[in-house]
Structures are given as structure tokens and as C-alpha cells.
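Here the structure is laid out as C-alpha cells; the discussion comes afterwards.
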Amino acid sequence: MGSNPVGTFLPLIFLCALVCIILVAVKVARARSAVGGSNGPADLATKVRGLKNQGRYEQAVFLVRGETGFSEDAARSFVDRV
């Protein structure tokens, strides 16, 4: 009587979902390590210093803007002074 198309693709769908979950987990882990890691909560200046040391100036500016609500100019000024 014909095969069940849903049953045929179910393992493939499960595998794709699993790969997506793993990729998201890796991105989250990398983002956490860039802004403080598992060493506990770091203050904003410490996080900004870490990003600047990694050459991630723009991400440091975005972090300051997100954490403080500063304008772009004010956030850049903060990042420059840290």
C-alpha cells in the first residue's frame, strides 16, 4: 500500500532540529564567553575591555548602548575611555 511520507521524513526533520539546537547553543556559548564567560558577572567596563582586546569595538559599542540606553556617540565615548 505505499509508504508513509511523514514517517519517511520524520528522522530527517528530527536531525535538522537537533543540528539547529546545537548551532544555537554554540552561538550562545561564544557570546557569553566574549562578554564575561562563566567567570561570573562582570561589570560593563570589564566586558567592554574584553571586547576591545578581541578587536570587537563595534560590538562593545552595541553592548554599552543595550545596557545603558546611551546614544551612539555617548556609547562610543564610553568605549573609547575604557
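Select from region 40-51 the residues that are under 16 Å from the mean Cα position of the chain (by Cα) and charged (D, E, K, R) and list them in ascending order.
LYS47
Give just the number: which of (1) of a type in the set (A, V, I, L, M, F, W, C); (2) at pLDDT 80 or above; (3) not in a helix (DSSP H, G or I) does LEU23 not satisfy?
Among (1) of a type in the set (A, V, I, L, M, F, W, C); (2) at pLDDT 80 or above; (3) not in a helix (DSSP H, G or I), LEU23 violates only (3).
Taking the conditions exactly as written (modelled with pLDDT under 85, surrounded by 10 or more Cβ atoms within 10 Å (Cβ to Cβ) and either part of a loop (DSSP other than H, G, I, E, B) or of a type in the set (Lys, Arg) (or both)), does GLY36 satisfy them or not?
yes
Taking the condition of being surrounded by fewer than 14 Cβ atoms within 10 Å (Cβ to Cβ) and either at pLDDT 95 or above or of a type outside the set (Asp, Glu) (or both), how many residues in region 62-72 meet it?
Counting residues in region 62-72 that are surrounded by fewer than 14 Cβ atoms within 10 Å (Cβ to Cβ) and either at pLDDT 95 or above or of a type outside the set (Asp, Glu) (or both) gives 4.
Does any residue in region 64-82 that is of a type in the set (Lys, Arg) come within less than 9 Å, Cβ to Cβ, of a residue that is surrounded by 17 or more Cβ atoms within 10 Å (Cβ to Cβ) six or more places away or on a different chain, and which pairs are these?
ARG65/ALA75; ARG76/VAL61; ARG76/VAL64
Which of the residues spanning region 1-20 are over 17 Å from the mean Cα position of the chain (by Cα) and at pLDDT 75 or above?
Answer for region 1-20, where residues must be over 17 Å from the mean Cα position of the chain (by Cα) and at pLDDT 75 or above: THR8, PHE9, LEU10, PRO11, LEU12, ILE13, PHE14, LEU15, CYS16, ALA17, LEU18, VAL19.
The values are calculated or read from the model by the stated rules, or taken from the named source; none is laboratory data. Quick caveat, the model's predicted, so the values are computed rather than measured. As a convention, Cβ positions derive from the backbone with ideal geometry for all residues, glycine included, and neighbour counts pool all protein chains shown.
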